[in-house]
Amino acid sequence: MNRYDTIYDVMVIGSGFAGMAATLFAAERGLKVAQTGATGGIDFSTGFLDLMAVHPVAEGRYWDSPWDAIDAVIADHPAHPYARLGKDRIRTAMNDFTEFLRSQKLEYMGHEDRNTPILSPAGTVKRTYRIPRTAWKGTEALRDKAPTLIVDFNGLKGFSGRQIVEMQQTAWPRLKTVRVDFPGSFGELYPEHMAWTLSSPERCRELADSIAEQAKDVEYIGFPAVLGLNDPVRTVTLLEELTGKHVFEIPTLPPSITGPRLRATFDRGLAPRGVCTFSQKLVLEARRDKDGLFTFLIGVPGDARPVKARNAILATGRFFGKGLRAERNGVVEPIFGIPVTQPAERTAWHHQHFFDRHGHAINMSGIEVDDSQHPLDAQGKVVHDNLYAAGAIQGHHDWMRMKCGAGIAIATAYRAVESICGTTP
Ligand SMILES: Cc1cc2nc3c(=O)[nH]c(=O)nc-3n(C[C@H](O)[C@H](O)[C@H](O)COP(=O)(O)OP(=O)(O)OC[C@H]3O[C@@H](n4cnc5c(N)ncnc54)[C@H](O)[C@@H]3O)c2cc1C
């Protein structure tokens, strides 16, 4: 049977963090899954999995324990997506997600009950919940303020060792940097090309030789996150052997390799689980037929075909992902026309100052869902009993400022799949 003739148990609309998580959880429960979607936040992410770190946003208060932060945010924002999930479920979802990544050679590290401080590409420190193993030693170097060398490369944009050292100079005096030529390359460098190049042991040897003098007196060496694409732990381990130092990665600014690594990991891991991926294709139209099935017209304008599914998970994100659209008179959800909770007036969308410490009201907008993650209409009624929503499209959170992006995406996806499978809470 061709993939357009199949009736799927679930169509996942979206391939960002929420879409990938929903697809994974559904496939692992034996559902026949189709997935559509194009570029999402996952492609631009640092690779860190934020669970919950900042609340209240206006105070910029960072929490060591994401679980205490979740309690605090729910107390102040009872409609926050975490309020409908329960901590045990959130924990299980995060663990299942990272276990899958580990099985695909993208291992994650972190503490069960606390966030870990880590350097951002800008040289500031953020707290996050799960960190790729290839970046983990950087958390130890930062914690101990150990003698550390940051390496950057002539021709690489979006990463500056000098900026990181300058940002940290007071707190971390034994941090220094060196800029070298990338092995075998000159001119402008691209992270993906660099990552492929460093899959070669010979190139890693050249790199280790080029920094040997500067690295003599340090314990740790930090590189921009370009140390391999499909098996970065192997490249990090090799560089540790060659240099005799602890090695770690620091994400570069987008577009970086940390996002494509995640996407490639899902591409590798979902196909063997029977997932049918309609890659780079969008749902142009959705209709619920008399028999209760959905028919989705997917593809690109002028070349679209129908696909049928018993259930759907809407994981289309907000403005960046195109799950919400800002129109002259308000914000709309374009596929199903689900009402979007938003400021009453367009003039109230943003504060006057871009960096206002309260954030912007528009960044709390999104659709309403019930405890099973069914989207609700303007009267608070379930839109369709076989339609669910996961991720940033849900309202009442500002993931960027609260540092809860991946956590909300993964945990709401988990709950949506549970609901499809009829699992009682
Ligand atoms: C630059 C950047 C960096 C980030 N870094 C981090 C980080 O380090 N840690 C962290 O935890 N979070 C990070 N995030 C946030 C994280 O990616 C968000 O939580 C996430 O974007 C929300 O996920 P989502 O899957 O709900 O939506 P999105 O990531 O926006 O994905 C939406 C998906 O829906 C698809 N879609 C939209 N319309 C349609 C349609 N009609 N048909 C089919 N598909 C459709 C899109 O193509 C896309 O695949 C980052 C986000 C960005 C933008």
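Would you be able to tell me the number of residues in the stretch 14-31 that are closer than 15 Å to Cys276 by Cβ and more than 16 Å from the chain's Cα centre (by Cα)?
4
Among the residues of the stretch 241-255, count how many are of a type outside the set (A, V, I, L, M) and open to solvent by less than 10 Å² (accessible area, probe 1.4 Å).
Going through the stretch 241-255 one residue at a time, the tally reaches 4.
Could you list all residues from the stretch 40-49 that are at negative phi and more than 6 Å from the ligand (Cβ to nearest atom)?
Asp43
Residue check, Ala34 against (1) assigned to a helix (DSSP H, G or I); (2) within 15 Å of the ligand (Cβ to nearest atom); (3) more than 20 Å from the chain's Cα centre (by Cα), all met but one. Which one?
Ala34 satisfies all of (1) assigned to a helix (DSSP H, G or I); (2) within 15 Å of the ligand (Cβ to nearest atom); (3) more than 20 Å from the chain's Cα centre (by Cα) except (1).
Can you name every residue in the stretch 1-26 that is more than 12 Å from the ligand (Cβ to nearest atom) and either assigned to a loop (DSSP other than H, G, I, E, B) or buried (at least 24 other Cβ atoms within 10 Å of the Cβ) (or both)?
Selection gives Met1, Asn2, Arg3, Tyr4, Asp5, Thr6, Tyr8, Val10, Leu24, Phe25, Ala26.
Taking the options Glu241, Glu202, Glu206, Glu219, name whichever one is touching a His at 6+ places or on another chain (Cβ under 8 Å) and farther than 22 Å from Ile42 by Cβ.
Working: Glu241 fails: touching a His at 6+ places or on another chain (Cβ under 8 Å); Glu202 fails: touching a His at 6+ places or on another chain (Cβ under 8 Å); Glu206 fails: touching a His at 6+ places or on another chain (Cβ under 8 Å).
The unique qualifying residue is Glu219.
Considering only the stretch 223-234, I want to know if a residue exists there that is touching an Asp or Glu at 6+ places or on another chain (Cβ under 6 Å) and part of a loop (DSSP other than H, G, I, E, B).
yes
Kindly provide the set of residues from the stretch 263-281 that are crowded, with 21+ Cβ neighbours inside 10 Å and not aromatic (Phe, Trp, Tyr), ordered by number.
Of everything in the stretch 263-281, those that are crowded, with 21+ Cβ neighbours inside 10 Å and not aromatic (Phe, Trp, Tyr) turn out to be Leu270, Val275.
What number of residues within the stretch 318-335 are assigned to a loop (DSSP other than H, G, I, E, B) and either more than 16 Å from the ligand (Cβ to nearest atom) or touching a Lys or Arg at 6+ places or on another chain (Cβ under 9 Å) (or both)? First the steps, then the outcome.
Keep residues of the stretch 318-335 that are assigned to a loop (DSSP other than H, G, I, E, B), which gives 318-324, 328-329, 333-335.
Imposing the further condition that a residue be either more than 16 Å from the ligand (Cβ to nearest atom) or touching a Lys or Arg at 6+ places or on another chain (Cβ under 9 Å) (or both) reduces the set to 319, 324, 328-329, 333-334.
Summing the residues that are assigned to a loop (DSSP other than H, G, I, E, B) and either more than 16 Å from the ligand (Cβ to nearest atom) or touching a Lys or Arg at 6+ places or on another chain (Cβ under 9 Å) (or both) in the stretch 318-335 gives 6.
In the set Ile338, Ile313, which member is surrounded by 19 or more Cβ atoms within 10 Å (Cβ to Cβ), among the hydrophobic types (A, V, I, L, M, F, W, C) and either touching a His at 6+ places or on another chain (Cβ under 9 Å) or not in a strand (DSSP E or B) (or both)?
Every option except Ile338 fails the conditions.
Among all residue pairs at least 6 apart or on different chains, which show Cβ distances below 6 Å where the first residue, located in the stretch 203-218, is part of a loop (DSSP other than H, G, I, E, B) and the second is open to solvent by less than 50 Å² (accessible area, probe 1.4 Å) and at pLDDT 95 or above?
Listed by first residue and then by second, the contacts come to Val218/Pro147; Val218/Thr148; Val218/Leu149.
Could you check Trp196 against (1) modelled with pLDDT under 95; (2) at negative phi; (3) in contact with a Lys or Arg (Cβ under 7 Å, 6 or more places away or on another chain) and say which number it fails?
(3)
Considering the stretch 375-397 alone, what residues qualify as being open to solvent by 10 Å² or more (accessible area, probe 1.4 Å) and under 24 Å from Ala58 (Cβ atoms)?
Ala392, His396
For the stretch 38-53, what are the residues that are more than 9 Å from the chain's Cα centre (by Cα) and open to solvent by less than 10 Å² (accessible area, probe 1.4 Å)?
Leu51, Met52, Ala53, listed by residue number.
Looking at (1) outside the structural domain of Tyr190 (by TED's automatic domain parsing); (2) touching a residue at least 24 places away in the same chain (Cβ under 8 Å); (3) open to solvent by 60 Å² or more (accessible area, probe 1.4 Å); (4) not polar (S, T, N, Q), find the lone condition where Arg143 falls short.
Of (1) outside the structural domain of Tyr190 (by TED's automatic domain parsing); (2) touching a residue at least 24 places away in the same chain (Cβ under 8 Å); (3) open to solvent by 60 Å² or more (accessible area, probe 1.4 Å); (4) not polar (S, T, N, Q), only one is false for Arg143: (1).
May I ask you to list the residues in the stretch 356-408 that are within 16 Å of the ligand (Cβ to nearest atom) and assigned to a strand (DSSP E or B)?
Gly366, Ile367, Val369, Pro375, Leu387, Tyr388, Ala389, Gln394
Can you run down the residue pairs with Cβ atoms below 8 Å, 6 or more apart or on separate chains, where the first is in the stretch 151-168 and assigned by TED's automatic domain parsing to the domain that holds Ile211 and touching a residue at least 40 places away in the same chain (Cβ under 8 Å) and the partner is open to solvent by less than 30 Å² (accessible area, probe 1.4 Å) and in a helix (DSSP H, G or I)?
Val151/Gly161; Val151/Ile211; Asp152/Gly161; Phe153/Met194; Leu156/Pro191; Leu156/Met194; Gly158/Pro191
When you go through Val417, Val369 one by one, which is the residue that is farther than 22 Å from Ile74 by Cα and either in contact (Cβ under 8 Å) with a residue 40 or more places away in the chain or within 22 Å of the chain's Cα centre (by Cα) (or both)?
Val417
Just one of Pro121, Pro117 is open to solvent by 10 Å² or more (accessible area, probe 1.4 Å) and modelled with pLDDT under 95; which is it?
Going through Pro121, Pro117 in turn, just one is open to solvent by 10 Å² or more (accessible area, probe 1.4 Å) and modelled with pLDDT under 95: Pro121.
The values are calculated or read from the model by the stated rules, or taken from the named source; none is laboratory data. Every value quoted in this text rests on a predicted model; they were computed, and no experiment measured them. When we count neighbours, we look across all protein chains shown, and the Cβ atoms used for this are built from the backbone with ideal geometry, even at glycine. Ligands, DNA and RNA are excluded from the accessible area calculation, which covers all protein heavy atoms including side chains. Shrake-Rupley method; radii C 1.70, N 1.55, O 1.52, S 1.80 Å.
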